[in-house]
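J.: Sharing a structure, written as C-alpha cells. Questions coming.
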Amino acid sequence: MRRVVVALVSGCLLLLTACAPSGGGAAPPATDVATAVDVGGRRVWLECHGPARPGTPTVVLMSGFGNAGDIWDVVDPERTPPPEAVAPALARDTRVCAYDRPGSTRNDGSVTTRSDPAPQPRTAQDWASELDAVLTAGGVPGPYVLVAHSFGGLAARLYAAQHPDRTAGLVMVDSTTEETFALLSPEQQAVLTPPAVPGVEQIDVAASTDQVAASARERPHPATMPTWVVSAGVTEFPPDFPDLARAVEAQRTAQSNLATTTLPGSVHALADRSSHYVHVFDPDLVVRATRDVLARATGPSSGGTR
Amino acid sequence: MTLTRALVTVAAILALGGCGVTAGATPAPPSGASGEFAQGVDIGGRSVYLECQGENAPGRHTVVLIPGYHDSGDAWSIDEIIEPPAVGPAVPVALAREHRVCTYDRPGTLRIALPGAPLTERSTPVPQPRTAADVVTELHAVLTTAGVPGPYVLTGHSMGGLFARLYAQTHPEQVAGVVFVDSFSPTVPTVLGPAKWAAYRDAYLNAVPPGTQLADPASERIDVDAGVEQVRSGPTFPPVPIAVLTKTEPFQTTLPPPPGLTVEELNRLYEDAQEDFIALRPRTPQTIATGDAHYIQWQSPDLVVGATQLVDGRARR
C-alpha cells in the first residue's frame, strides 16, 4: 500500500518536471519524494522536499561520515530562540534532497535499513559515483548546489569536478580536505579511525585523499563557481587526544587553505564556538550560506536591479 | 505590509485625538515609521537627513545602516555603487523587501553620489570634531524624533561599527542586534601600539589632504581616541546577536603609507582586531568576504544583506 502511494507520488513528480512551464512566477506546489531508488541492483533511500523552481538549482545535502540523510533535520537544543533545521528551512522555498548512504546511522542511533548494504570501506569516489547514480535514478532535476559536511566535502568536490555542467555551487560544512589527516601525526590519525563494525559505514581515508588531491591537480576548482566554506570555530576531538593544540591548529590551517587556495574565491564563514556539526549548531548560518550560493548561481536576474 | 500601514494610520489618527468618522480616508504621510521617507529631521534646531524605505514583515526588525567616517548615506544607498560581479541590488533595496531600512547623513559627510563628492547639504553643519558619543546622541534623536520603529538591527560600516557598538551599549533596549561590516575595532590602537596608532590615525583616519573637501572646517572630524575610551568605559555590550564581516584586500587609498607602518601590516592588524567584536558575544559568525576591499557593501551586498538577516533571525521578538 505504502509503496503504491510512493510510486504514484514519483509519477506525479516526473509529470510535473516534464510539464513545468519555463520562466519565473509563483512557486509550483512542493511534491514530497521519499522513496528508495535503484542504483545498480541495490536500493538507496532518497528524500526531496520543497518547491522546484524553474531556473533554480536543486540543493543536495551530503551527510558526513556515518550520518544518514536525517542529520540535516537536527538542531542543537541549546540554541535560543531555536532556529529551524537546515533541511526544512531550505525546503520552504527551494527543492532540497537528502539520502541515506549504505551503513549510515540515523538520528535514532539505528543503522539505516532504508538503503541496502554495500561493501565497506568505501572511498570518496564511491560516494561521488553513488550520488550521481542516485540523482539520475531519482530523476532529480539539476543543476545542483551541493551542501556537504565533513567527509562528504571530498565527495562533493569530486562530483563537481566530474560533472561541472551539473554543479551550480558548493557549500563546504567543516569539510574534510586533503590536508585534514595529512597534517595529523600517525598516532593522532589512529585515534580518529573507528573500529570496523559489519554493516556500518567505513571509509578509506588514504585512498580518498589521493583521489581528491589528484582531481584538484587535474581539474582545479573554478573560481567562478559560487562556493562557501563554513568552518567550525571549535574542532571536536576525543578526550585525551594526543597533542590537541597541534591538531586544532592543523584543522584551522586546513580550512583556511581550502577557502583561500583549493577553492579560490570562496566566501569563508567561521562559526564561533560551533562543533564540527556546524549544520546542527548553527543551521541558520548554513542556510544563509546555501541561499547565498543559490543567489550567486542564478545571478542578478534573480531579483537584482544591477 | 498593508496591515502594518493600516495600523500605523490608525495610530496616527488616535494620536491626533480621534476625529471619528473621517478615519481611514487618507493614508498617513510618509514618516520615519512608514512609507518612502527622505527628508531632514529637526533635532533641536538643526536638521539631519534621514531616508527610510520598506516595511517590517511580521517578526522582522528595522535595520539602521550606519555609514563610516566621512561617508553620507550614499555609501549605503546608491545602486550605481555596486561593483560587478556583485550579485543583487544595493543593501537597502534588498533589505526593504522584508524590513524597514533607514540610513542618514551625519553632518559634514561626503555625498559620493554627486560629482566631486561635496559635503552634504542635506544635514545642518555642526562644530567639529565630535566623539562617538555625540554621534550616538544624534542618531538616537533622529530615530526617536522621526518615529522609526525599534528595536533596531544596526549594521555599521567601518567607523560606523564603533558607533553601532556604543549605541547598543548606551540604548540596549532599542537594539536587537548588530552587524559589524569591516568595522573599526576599539582594540585597533592597542593592537597597533602607540606609535603606529598615532601614525595611522594622523596619516589616514584624520588625514586632511589640502584642497579637498576634508580641508573644509565643516567636514566630519571624529576624535577617535575619545570614542575608543567611551566604548571601553561604557556599559557592557547587551546580550544581542551579532555578526562580523571581514575583507581580504587592502585598504584602497591614494594617501602615502603612514610613517613606520606598511599598508600590509596595517591591514593585518586591523583584521586581527576584529577578534574583539567576535568575542563580544558567543556564537558570533565571522564571514570573510574573499576578494573584497573595505567597502564590502559595494562588492558583496549579498553578504551584508545575509549577515543582517541572520542577526535579525537570531534576535528576540
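J.: Among B:210, B:174, B:28, pick out the residue whose Cα is farthest towards the positive end of the charge dipole of the protein assembly as shown, where Lys and Arg carry +1 and Asp and Glu carry -1 on C-beta, about the Cα centre.
T.: B:28
J.: May I ask you to give the percent of accessible area on chain A that is carbon plus sulfur, with a probe radius of 1.4 Å? Kindly include the intermediate steps, with their values, before the conclusion.
T.: Working: 7680 of 13140 Å².
For chain A, the apolar C and S fraction of the accessible surface comes to 58 percent.
J.: At 1.4 Å probe radius, can you tell me the per residue accessible area of the protein assembly as shown in Å²?
T.: 41 Å²
J.: Here's something else I'd like to know. What's the FRET efficiency of residue A:78 with residue B:173 using the Cβ-Cβ distance as r and R₀ = 22 Å, to the nearest 0.05? Mind showing how you got there, number by number?
T.: Numbers: r = 25 Å, r/R0 = 1.15.
The calculated FRET efficiency here is 0.30.
J.: Would you mind getting me the FRET efficiency between residue A:182 and residue B:128? Use the beta-carbon distance for r and R0 = 60 Å, nearest 0.05.
T.: Numbers: r = 56 Å, r/R0 = 0.94.
Efficiency, rounded to the nearest 0.05: 0.60.
J.: Something else now. Anyone know which of A:196, A:148, A:289 comes out most mobile in the 10 Å Cα GNM of chain A?
T.: Of A:196, A:148, A:289, the Gaussian network model singles out A:196 as fluctuating most.
J.: Roughly speaking, what is the centre-to-centre gap between region B:99-168 and region A:205-238 when only Cα atoms are used, to the nearest Å?
T.: Measuring centre to centre over Cα atoms gives 43 Å.
J.: So what's the Cα pair-distance distribution over the protein assembly as shown, bin width 10 Å, in %?
T.: 3, 15, 25, 23, 17, 11, 5, 1, 0
J.: Here's another thing I want to ask about it. Efficiency by 1/(1 + (r/R0)^6): what FRET value for residue A:240 and residue A:273, r their Cβ-Cβ distance, R0 = 35 Å, to the nearest 0.05? It would help to have the intermediate numbers written out before the result.
T.: Numbers: r = 22 Å, r/R0 = 0.62.
It comes to 0.95.
J.: Among the residues of region A:267-284, which ones have their accessible area go down by 20 Å² or more when all the protein chains sit together, as opposed to their chain alone (1.4 Å probe)?
T.: A:267, A:268, A:270, A:272, A:273, A:282, A:284
J.: Let me ask something else about it. Which of B:151, B:129, B:210 moves most in a GNM of chain B, Cα contacts under 10 Å?
T.: It is B:210.
J.: Give the angle, between 0 and 90 degrees and rounded to the nearest 10, that separates the Cα long axis of helix A:205-218 from the longest principal axis of the Cα atoms of chain A.
T.: With rounding to tens, the tilt is 70 degrees.
J.: Separate question: Between the helical axis of A:2-19 and the dominant principal axis of chain A, each derived from Cα atoms, what acute angle in degrees is found, rounded to the nearest 10?
T.: Long axis of A:2-19 versus the principal axis of chain A: about 70 degrees.
J.: Based only on Cα atoms, what mean projected area does the convex hull of chain B have, in nm²?
T.: Mean orientational projected area (chain B, Cα hull): 16.6 nm².
J.: To continue, here is another question. Would you mind classifying region A:58-197 by shape? Square roots of the alpha carbon gyration tensor eigenvalues, ordered a ≥ b ≥ c; an a/c under 1.5 is rounded, otherwise it is prolate if a/b is larger than b/c and oblate if not. Don't skip to the answer; put the middle values down first.
T.: Working: a/c = 1.39, a/b = 1.16, b/c = 1.20.
Rounded is the answer for region A:58-197, as its axis ratio a/c remains below 1.5.
J.: Going by a 1.4 Å probe on protein heavy atoms, which residues of region A:80-110 end up with at least 10 Å² less accessible surface in the whole assembly than in their chain alone?
T.: Residues of region A:80-110 that lose at least 10 Å² of accessible area once the other chains are added: A:81.
J.: Using a simple spin-label model with points 7 Å from Cα along the Cα→Cβ vector, what separation in nm is obtained for residue A:165 and residue B:251?
T.: 4.9 nm
J.: Further question: Given a 1.4 Å probe and no ligands, DNA or RNA in the count, how much accessible surface is buried by B and A, both sides, to the nearest 100 Å²?
T.: Working: alone 13600 and 14230 Å², together 25610 Å².
Protein heavy atoms only, the B-A interface buries about 2200 Å².
J.: For helix A:244-257, report the angle its Cα long axis makes with the longest principal axis of the Cα atoms of chain A; keep it between 0 and 90° and round to the nearest 10°.
T.: 40 degrees
J.: Follow-up question, since we're still on this one. Would you please classify the overall shape of region A:119-207 from the alpha carbon gyration tensor, given that a ≥ b ≥ c denote the square roots of the eigenvalues, rounded means a/c under 1.5, and beyond that prolate means a/b larger than b/c while oblate covers the rest?
T.: Numbers: a/c = 2.81, a/b = 1.62, b/c = 1.73.
Oblate, since a/c reaches 1.5 and b/c is not below a/b.
The values are calculated or read from the model by the stated rules, or taken from the named source; none is laboratory data. Because the structure is predicted, anything quoted here is derived from the model rather than measured. Using ideal geometry, Cβ is built from the backbone for each residue, glycine included, and neighbour counts are taken over all protein chains shown. What goes into the accessible areas is simple: the full protein's heavy atoms, side chains included, and nothing from ligands, DNA or RNA. Shrake-Rupley method; radii C 1.70, N 1.55, O 1.52, S 1.80 Å.
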